[in-house]
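Engineer: Below is one structure. I have some questions about it.
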Amino acid sequence: MDTIGLWQIGEAGPSRLQTAELSVERDLEDWIERDPGLLERGLVIVGRQIRLEGGPLDLLALDPQGRWVLVEIKRERLRREVLAQAIDYASCLHAAEPGWLRGQCDEYLRSKGSPDTLDSLLDQRGRTLDDDPDGREVVIYLVGTGLDPGLERMVGYLAERAELAVRMVTFTAFRDAGGKSLLARKIHEATDETSAAPLRTANRSPAAETILSLADGNGVGGVMRTMYEAATTAGLHVRPWYKSIMYAPPANKVRCLFVVWVYRQRQQGVAKAYIASEAFEQFYGIKEADLIAAVGPVGNVMLDQAAADRFAAGLRRLMAPRENG
């Protein structure tokens, strides 16, 4: 069983902090709603306690690639049953009528004073409610304070065999000598780098060349092909989508390192991209400052050819020791 320890460093050396009690489920749901970066940068919450056929979903979000993110929060440990519950929610989301889903999310966004609608948020990410003929791509977050034995094995099997993206996040609260509370986060994510079995593709995505040809027609082919060549040279997993190409670590083919969209921008030859610095650090140990120094700005960025060339050169430098090692 994993445990998290936290020490405060003082003049006399490290002093271990004591764990603190939280009304975990409600606190975490409130905190993640206010700051979804507790789970992943770039998430935007579009619904809370949405009543699906399988039950009320704690939080619903979109990630920077426009994938749906289901967040299920449990009191105390994450047990095996929560995985089945989350998959049930994902199946309900898959079957949800677009107009109903739009209404649920727009009502939530209005209640929070957001100027966005669900359609505008999807459009910013190069997607629509209707552009996926095989169902909505879903990322599942299971959130709690610990894990049942075997849950990680089950999640790893689903990642390997079905490319189902399930991330388990556990939080532990601590209190220092002055009574100040601190929150520690641990991400548990399956990898399939040792798997000998072929990976099945869960959706019928187009070929990379199809997307690159579309980019050529939209005036962003130079940028898209530069990013594609850099990623394939670095040995990254290529995951084409209908209006974008996502690049992932081979150890986890559903986790985004960066994604580039093909739709036409107002400025000719400029493509929209999202670069996930957290994923680079998690999978390759590359700190955000080092990533920025090598490839340029991260997060939501606009890439012209010069910026794409810089990114490609920087990525090759950063990944070269790993390719040779």
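The values are calculated or read from the model by the stated rules, or taken from the named source; none is laboratory data. Everything quoted here is computed from the prediction, not taken from an experiment. Neighbour counts run over all protein chains shown; Cβ positions are idealised from the backbone, glycine included.
Engineer: Considering only the stretch 60-78, I want to know if a residue exists there that is over 30 Å from L182 (Cβ atoms), buried (at least 16 other Cβ atoms within 10 Å of the Cβ), of a type in the set (V, I, T) and modelled with pLDDT of 90 or more.
Structural biologist: The answer is no; no qualifying residue exists.
Engineer: Considering only the stretch 88-116, state which residues are more than 17 Å from the chain's Cα centre (by Cα), more than 25 Å from G299 (Cα to Cα) and among the aliphatic types (A, V, I, L, M).
Structural biologist: Those that are more than 17 Å from the chain's Cα centre (by Cα), more than 25 Å from G299 (Cα to Cα) and among the aliphatic types (A, V, I, L, M): L93, A95, A96, L101.
Engineer: On the basis of being part of a loop (DSSP other than H, G, I, E, B), closer than 24 Å to I73 by Cβ and either touching a His at 6+ places or on another chain (Cβ under 8 Å) or acidic (D, E) (or both), does R136 make the cut?
Structural biologist: Yes; evaluated as a whole, the condition is true for this residue.
Engineer: If you don't mind, another one. Kindly indicate whether any position in the stretch 2-23 is modelled with pLDDT of 85 or more and surrounded by 15 or more Cβ atoms within 10 Å (Cβ to Cβ).
Structural biologist: No.
Engineer: Just need a number here: residues in the stretch 44-56 that are modelled with pLDDT under 95 and closer than 24 Å to R255 by Cβ.
Structural biologist: Within the stretch 44-56, residues that are modelled with pLDDT under 95 and closer than 24 Å to R255 by Cβ number 0.
Engineer: Within the stretch 258-272, is there a residue that is surrounded by 23 or more Cβ atoms within 10 Å (Cβ to Cβ), in a loop (DSSP other than H, G, I, E, B) and touching a helix residue (DSSP H, G or I) at 6+ places or on another chain (Cβ under 7 Å)?
Structural biologist: Checked against the condition, which is being surrounded by 23 or more Cβ atoms within 10 Å (Cβ to Cβ), in a loop (DSSP other than H, G, I, E, B) and touching a helix residue (DSSP H, G or I) at 6+ places or on another chain (Cβ under 7 Å), the stretch 258-272 yields at least one hit.
Engineer: Can you tell me which residue among R34, R125 is touching a residue at least 24 places away in the same chain (Cβ under 8 Å) and charged (D, E, K, R)? Spell out how you get there, then give the answer.
Structural biologist: Working: R34 fails: touching a residue at least 24 places away in the same chain (Cβ under 8 Å).
Just one listed residue meets the conditions, R125.
Engineer: Go over the candidates A173, A197, A184 one by one and state the one that is among the aliphatic types (A, V, I, L, M) and modelled with pLDDT under 80.
Structural biologist: Result: A197 is the single residue among A173, A197, A184 that is among the aliphatic types (A, V, I, L, M) and modelled with pLDDT under 80.
Engineer: Which ones in the stretch 115-128 are in a loop (DSSP other than H, G, I, E, B) and at pLDDT 95 or above?
Structural biologist: Of the residues in the stretch 115-128, the ones in a loop (DSSP other than H, G, I, E, B) are 115-117, 125-128.
Matches in the stretch 115-128: P115, D116, T117.
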